[in-house]
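Undergrad: The structure that follows is given in the form of structure tokens.
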Amino acid sequence: MAYPQLAVLPSAAKRIRHHDCWVFRDELAAPDGSLPNGAVVELVDPHEAFLAYAFYSAHAPVAARVVSTDRSALVDRSLLARRLAAALSQREALRGTNAKRLVFSEADGLPGLIADQYGDVLVFQSRTAGLEPWKPVLIDLLRDALHPAGILERSDKEFRDAEGLPPVTQVHAGTVPERIRIEEEGLSFWVDPHHGQKTGFYLDQRDTRALIRSLIRPDERVADVFAYTGSFGIGAAARGARVVCVEQQEAYLALARENARANGVEERIDYVAGDAFYWLEAKAAGRERFDWVLLDPPSLAKSRAEAFKGRRALHHLLVQALGLLSAEGTLVLSVCTYHLLGVAEEVLRIAAEERGTRLCVRAVTMQAADHPWVLQMPMTRYLMSWTVQRDG
Ligand SMILES: C[S@@+](CC[C@H](N)C(=O)[O-])C[C@H]1O[C@@H](n2cnc3c(N)ncnc32)[C@H](O)[C@@H]1O
């Protein structure tokens, strides 16, 4: 089968040969306005030598995403089936939970596909125009491989606008309940796949949840700030800590309460529905101190253009959060955007200097192993958490 050819500049050709998967729009040698959004194209270098087959996007800043660098591997059902089988097999050994990410986009060779498993339900997102025509095939393959009770698509607006696609929330197969109960290392959580953030649960924070549980001691005082449905705080309370969860959305706190009940720790958790920035400022100015502050803000910079603003917000949060810590207290800072990962430690150092305190790094955790990232594509690493303890 002959795909339309799309020539890229030498710099992009070099990157593709070194296993990067993205071609930005300004790296196209001769942009072709007639190519349909989502078409499969053949990327070639300026000498028309084959580079890869890719999904073309007519609107997004990333104009092409590599699907296959093997000239004989056309983009068809068989290729998608092989990629899906490899992704599922990689996650098979994951124990201790019935909730995991099955497919993570470029890292699994399926650009734009996110597929998460919550018990016997699958929730997926289609984030690229190129993936759209393949949705029925992928749904079919997922159904054949896993026989789920239901498959829900949660392709939210925030990922689809840039690709020129409308948002979609749709049950494609079976039934998907309003809430699903998942298990993780002996704890259980309710997930709302229809309305929750991401596909319903922060699966990527599994390692940080485990770390927090391994370090917290009975009766320690914990602030779970930006708590969502309370997964950090509930783990801490299960270890006997006393927790306050701060979250601005009432609906998420309602689920956090149910999660606390489901794990028998409701007596140990208080809830504050409100703005975490104000709450931190007010607490830092008061007398109450915490042994742990768990700080997991939303992405503070969604693009490079927002990095400076994000850095200022992070700095503000950290100065307040450090002000809340007891003399030997520990802060867990999560940063969930690539655009701030490189500066997070420096901002932490500056905030510590302002608070006149020394910090020791006890651990650094990252997106869990079912969220792999491509070494040649640093932007696919987006989540890190620093566990730092005051010792002065
Ligand atoms: C990254 S999520 C936290 C995830 C959580 N730690 C977990 O593992 O389930 C960030 C949360 O912060 C909340 N949020 C965003 N802005 C906020 C604000 N100004 N004050 C309080 N909560 C906020 C969002 O509603 C979201 O639930």
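The values are calculated or read from the model by the stated rules, or taken from the named source; none is laboratory data. Just so it is clear, the structure is predicted and the values come from calculations on it, not from any experiment. Counting neighbours? That spans all protein chains shown, and the Cβs are built from the backbone with ideal geometry, glycine included. To get the accessible areas, we keep the full protein, side chains included, count just its heavy atoms, and leave off ligands, DNA and RNA. Shrake-Rupley method; radii C 1.70, N 1.55, O 1.52, S 1.80 Å.
Undergrad: In region 226-248, which residues are outside any helix (DSSP H, G or I), more than 18 Å from SER385 (Cβ to Cβ) and out of contact with any Phe, Trp or Tyr (no Cβ under 8 Å at 6 or more places or on another chain)?
TA: Answer for region 226-248, where residues must be outside any helix (DSSP H, G or I), more than 18 Å from SER385 (Cβ to Cβ) and out of contact with any Phe, Trp or Tyr (no Cβ under 8 Å at 6 or more places or on another chain): GLY240, ARG242, GLN248.
Undergrad: Looking at region 336-376 only, could you name the residues that are farther than 29 Å from ASP391 by Cα and touching a strand residue (DSSP E or B) at 6+ places or on another chain (Cβ under 7 Å)?
TA: Listed by number, the residues that qualify are ASP370, HIS371, PRO372.
Undergrad: Inspect all residues belonging to region 345-358 and state whether any of them is under 21 Å from the mean Cα position of the chain (by Cα) and more than 16 Å from the ligand (Cβ to nearest atom). Working first, answer last.
TA: Taking region 345-358 and keeping what is under 21 Å from the mean Cα position of the chain (by Cα), we get 345.
Add one more test, that the residue is more than 16 Å from the ligand (Cβ to nearest atom), and what stays is 345.
Yes: region 345-358 contains one or more residues that are under 21 Å from the mean Cα position of the chain (by Cα) and more than 16 Å from the ligand (Cβ to nearest atom).
Undergrad: Here's a follow-up. What number of residues within region 255-265 are surrounded by fewer than 17 Cβ atoms within 10 Å (Cβ to Cβ) and more than 26 Å from the chain's Cα centre (by Cα)?
TA: 2
Undergrad: In region 292-320, how many residues are of a type in the set (Lys, Arg), surrounded by fewer than 17 Cβ atoms within 10 Å (Cβ to Cβ) and modelled with pLDDT of 95 or more?
TA: Taking region 292-320 as the starting set, the residues that turn out to be of a type in the set (Lys, Arg) are 302, 304, 309, 311-312.
Restricting the remaining residues to those that are surrounded by fewer than 17 Cβ atoms within 10 Å (Cβ to Cβ) gives 302, 304, 309, 312.
Those still in the list that are modelled with pLDDT of 95 or more too: 309, 312.
Of the residues in region 292-320, 2 are of a type in the set (Lys, Arg), surrounded by fewer than 17 Cβ atoms within 10 Å (Cβ to Cβ) and modelled with pLDDT of 95 or more.
Yes/no matrix, rows are residues, columns are (1) assigned by TED's automatic domain parsing to the domain that holds ASP116; (2) in contact with a Ser or Thr (Cβ under 8 Å, 6 or more places away or on another chain); (3) touching a residue at least 60 places away in the same chain (Cβ under 8 Å):
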| site | (1), (2), (3) |
| --- | --- |
| GLN170 | yes, no, no |
| THR175 | yes, no, no |
| ALA238 | no, no, no |
| GLU247 | no, no, no |
| ALA256 | no, yes, no |
| ARG261 | no, no, no |
| VAL265 | no, no, no |
| GLY274 | no, no, no |
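Undergrad: Looking at GLN376, GLN389, can you tell me which residue is touching a Cys at 6+ places or on another chain (Cβ under 9 Å), open to solvent by 60 Å² or more (accessible area, probe 1.4 Å) and either polar (S, T, N, Q) or more than 16 Å from the ligand (Cβ to nearest atom) (or both)?
TA: Details: GLN389 fails: open to solvent by 60 Å² or more (accessible area, probe 1.4 Å).
Sole residue among the options that is touching a Cys at 6+ places or on another chain (Cβ under 9 Å), open to solvent by 60 Å² or more (accessible area, probe 1.4 Å) and either polar (S, T, N, Q) or more than 16 Å from the ligand (Cβ to nearest atom) (or both): GLN376.
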